[in-house]
Structure formats: structure tokens, C-alpha cells
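Trainee: Next up is a structure, given as C-alpha cells.
Throughout, read-outs are computed from the coordinates displayed, never taken from laboratory work. Quick caveat: nothing in here was measured; it's all calculated off a predicted structure. We place every Cβ from the backbone using ideal geometry, glycine too, and count neighbours over all the protein chains shown.
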Amino acid sequence: MLEDIAANLTRIRARIEAATQEAGRPHGAAQLVAVSKTNPVEAVEAALAAGQRLFGENRVQEAAAKFPALRASHPDLRLHIIGPLQTNKARDAVRLADVIETLDRPKLALALAEAMQKEGRRPELLIQVNTGAEPQKAGILPAEADAFITLCRTTHGLPVTGLMCIPPAEEDPGPHFTLLAELARRHGLPILSMGMSGDFEAAIRHGATHVRVGSAIFGARAAT
Ligand SMILES: *Cc1c(COP(=O)(O)O)cnc(C)c1O
């Protein structure tokens, strides 16, 4: 497994570059977030050795266990928190992350504003939009997104730079990517985190600036 990681990264980077070019977008317009959740530190080290510096983790506790030591040896490493965030983990997330991609409700906006004040650290924030309005999925509903984006930026003064979504698994993701891109454009937000192992090329065609790829780099995860 570990020896496959460098080759997988090379292949994914080539596919990202090809999709970026086909979309007529500039070189490097879509960045790769290597999603290392559930994988051991050794897997992250293998990716670091292959030149990868941007990582995504779902759970704050797992990120806290894996990343501080890696950061010490690789000061240019960047970490995105991409999983649902409980308010009682807001402070840990602010301490650990460079980007928190999953701001999705008013209580969390308040908790992050307070955490940033206490920690004296302001990671960038993305607002997660539940584009498919799936009841089991995190994210602000599309109908509430305009008001929520304004609340986060204006009321709380939060450093919101973009949007994130996870389209419904069994649907064509295209319309979901379009919806997210349109919402970001309307609010002048430059960052669009969308696309995973199965659909990152489509996301790049729709303007993704960050694609979150896990299993295509690190291998299939054990079922949870
Ligand atoms: C796990 C995860 C990914 C990566 O999914 P793969 O299908 O393994 O590429 C991307 N985004 C989020 C939010 C995830 O939880």
C-alpha cells in the first residue's frame, strides 16, 4: 500500500492537470487536497516524500494525533478539516487547521468566532452547502445559504473564503457543482472545494479550486 502512494499521487496529479487544461483553466487552478483520514501517519509520510503538502482530515481528534509532529518536520504542510465539526471541538480545530471547510450552522459560526478570539489564530473558513438537501448530510440548505454567508461574514466577521459541497452519491454531480459555483460567484468568494475520487474531473470543469481525493491516493478505506 505505502509504495503505491507515490504512483497514485503522480497519476491523480496528471488527471487534475489534464482536466484543468481541458477546461481552459490555468495550470494549478485546481489544488489537490489529499484526504488521509483513517490512514496511518506512515501513509501521510509517504505522500509528503512524494511532494504532497496539502492534506484533509475528517476528525479533529485524529488530526490532532497525526499532524502536529508532521508539521514540525514539514513547516509548509497545510491541513484542511473537512468533516462535520462539533461546537465543542471548535477551539481544537482553530488551533490545528489552516482551513476549516465545514462551517454550516449559526451555533458553529459563533463558536468559531469565539475560538479565534481565544486562540489568536484565524484559519480560513469554507461554508459547507448541502446542495442535495439530504437530511442525513451536514451543510447549510441552499435556500438558507445567502443569509448564512452574510451572517458569518458581516455579523461575526469570520474569514470566509469559499464554499464546499458533497453531492448526493447516486446523482449526476454536475448540477450540484453548478449551484455551488453560482452561489460563490454571487458572494464574491474565490474558493470552491468540490470533487472527490469519483468525480473530481467534473468538479474541475465546473470551477473547483480544491478537489478532495482520498481512496484514489491511499487505497480503499475499511467500511465504518
Ligand atoms: C472522505 C472524504 C473525501 C474523500 O473521499 P474519496 O472518495 O475517498 O476520495 C472527500 N471529502 C470529504 C468531506 C470526505 O469526508
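Trainee: Would you work out the relative contact order for region 131-224, in percent, from Cα pairs under 8 angstrom that are 6 or more residues apart?
Mentor: Relative contact order for region 131-224 comes out at 21 percent.
Trainee: Mind checking which of Ala23, Ala145, Ala72 has the largest fluctuation in a GNM of the chain, springs on alpha carbons under 10 Å?
Mentor: Among Ala23, Ala145, Ala72, the largest mean-square fluctuation in the Gaussian network model of the chain belongs to Ala72.
Trainee: ³J(HN,Hα) across region 112-128 via Karplus (A = 6.51, B = -1.76, C = 1.60, θ = phi - 60°), whole Hz, x for Gly/Pro?
Mentor: Coupling constants for region 112-128: 5, 4, 5, 4, 5, 4, 5, 7, x, 9, 10, x, 5, 10, 10, 9, 7 Hz.
Trainee: When only Cα pairs under 8 Å and 6 or more residues apart are kept, what is the percent relative contact order across region 2-218?
Mentor: 21
Trainee: Report the label-to-label distance for Glu171 and Ala133 in nanometres (one decimal), using points 7 Å from each Cα along the Cα→Cβ vector.
Mentor: Reported label-point gap for Glu171 and Ala133 is 0.9 nm.
Trainee: Put +1 on the Cβ of every Lys and Arg and -1 on every Asp and Glu Cβ in the chain; which of Gly157, Ala43, Pro84 then has its Cα farthest towards the positive end of the dipole?
Mentor: Gly157
Trainee: Moving on. Pop out the ³J(HN,Hα) list for region 24-33 in order, Karplus 6.51 cos²θ - 1.76 cosθ + 1.60 with θ = phi - 60°, rounded to Hz; leave Gly and Pro as x.
Mentor: Result, ordered by residue: x, 9, x, 3, x, 5, 10, 9, 8, 9 Hz.
Trainee: A follow-up question, please. Mind checking which of Val94, Ala7, His176 is farthest towards the positive end of region 2-218's charge dipole, using Cβ charges of +1 (Lys, Arg) and -1 (Asp, Glu) about the Cα centre?
Mentor: It is Val94, whose Cα lies furthest towards the positive end.
Trainee: P(r) for region 1-84, please, calculated from all Cα pair distances in 5 Å bins and given in %.
Mentor: 3, 14, 24, 22, 18, 12, 6, 1, 0
Trainee: Choose one answer from Ala65, Ala19, Ala34: the residue with the largest mean-square fluctuation in a GNM of the chain with alpha-carbon springs under 10 Å.
Mentor: Sorting by GNM fluctuation, first place goes to Ala65.
Trainee: Based only on the alpha carbon positions, what is the Kirkwood hydrodynamic radius of the chain, in angstrom?
Mentor: About 17.6 Å, per the Kirkwood formula over Cα pairs.
Trainee: Kindly provide the helix-only [θ] at 222 nm of the chain, computed as the sum of -39,500 (n - 2.57) over DSSP H runs of four or more divided by all residues, to the nearest 500 deg cm²/dmol?
Mentor: The per-residue figure over the chain is -13000 deg cm²/dmol.
Trainee: Charges at C-beta only: +1 for Lys and Arg, -1 for Asp and Glu. How large is the resulting dipole of region 2-218 about its Cα centre, in Debye rounded to 20?
Mentor: Charge dipole, region 2-218, about its Cα centre: 680 debye, nearest 20.
Trainee: Please turn the phi angles of region 165-177 into ³J(HN,Hα) values with the Karplus equation 6.51 cos²θ - 1.76 cosθ + 1.60 (θ = phi - 60°), one per residue in order, whole Hz, x for glycine and proline.
Mentor: 8, 10, x, x, 4, 9, 10, 4, x, x, x, 6, 5
Trainee: Which number gives the lysine pairs in region 25-120 that have C-alpha atoms under 20 Å apart and are eight or more places apart or on different chains?
Mentor: Close lysine pairs under the 20 Å cut-off: 6.
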